[in-house]
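Enquirer: Below are the structure tokens for one structure; questions will follow.
What follows is calculated from the coordinates using simple rules that are stated; it is not laboratory data. Only a predicted model underlies this, so the values are computations on that prediction, with no experimental measurement involved. When we count neighbours, we look across all protein chains shown, and the Cβ atoms used for this are built from the backbone with ideal geometry, even at glycine.
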Amino acid sequence: MSRESSRPNRRSAPFIVISILVLLGSIGVIISTANDLGIGTVETAVGLTEEENAYYEFVAPRLDRLVVEVDDVVVMVEGRSRDILDLTISGNRIEALTEQIVSFGDENGVPDRFAAIHQRIVAATDTTSHTFDEARESLRTFNFSNMSNLVTNFVAAADDLHAAQDQLEEIVGGTTGAIPHSTGATAVQVAGHSRA
């Protein structure tokens, strides 16, 4: 009897090892891909104070990338994507970018000129973070019908981030000789809105 009972254990051991390797590989892909944020740079804008320029040079490229990531998530959620890997990678990137922007503001202060923009970014990313938690729960419980309910929140957050991006460009574009940043993103249709 002991021989027979040990055979299933020998057969299940490779499956356990393979499952662990697949899990570790997936975690590695998520971490390495999420850490590849693809943050661009902006040129120093003329007409801003040193503090304003520091804020602009740090936040603008991260906001650009944040907008792209949130737009991608809106498209995935709107299409009821069940690709938990892509959603997780985007969620991790959004959290990392948000943390960088918030930490920069906390550690260096936010110039008065950009205070409203910073608050808008923080509020939008709070909405995104909360909605991501709900999306993860929906995926975990296989409640895919709930994903459509989350589209509204993601679209609202995306709209606020686009508005913050536009306001930032308007301020920097309004300074003498300033060089506004560009996202390099192509336009996508999200919930009937054209996004650049």
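Enquirer: Would you please put 44-52, 94-102 in order of how densely packed they are, using the mean number of other Cβ atoms within 10 angstrom per residue and starting with the highest? Each step should come with its number before you reach the end.
Expert: Values: 44-52: 14.6, 94-102: 18.3.
Packing proxy ranking, top to bottom: 94-102, 44-52.
Enquirer: What is the distance, in nm, between label points placed 7 Å from the Cα along the Cα-to-Cβ direction at THR41 and at ASP112?
Expert: Once both label points are built, they end up 3.2 nm from each other.
Enquirer: Return ARG136, ARG120, ARG93 ranked ascending by Cβ neighbour count within 10 Å, so the fewest neighbours appear first. Working shown, then result.
Expert: Numbers: ARG136 14, ARG120 17, ARG93 23.
Listing ARG136, ARG120, ARG93 from fewest to most nearby Cβ atoms yields ARG136, ARG120, ARG93.
Enquirer: Through the Karplus equation 6.51 cos²θ - 1.76 cosθ + 1.60, θ set to phi - 60°, convert the phi angles of the range 113-122 into ³J(HN,Hα) values in whole Hz; use x for Gly and Pro.
Expert: Working through the residues one at a time gives 4, 10, 4, 5, 5, 4, 4, 5, 4, 4 Hz.
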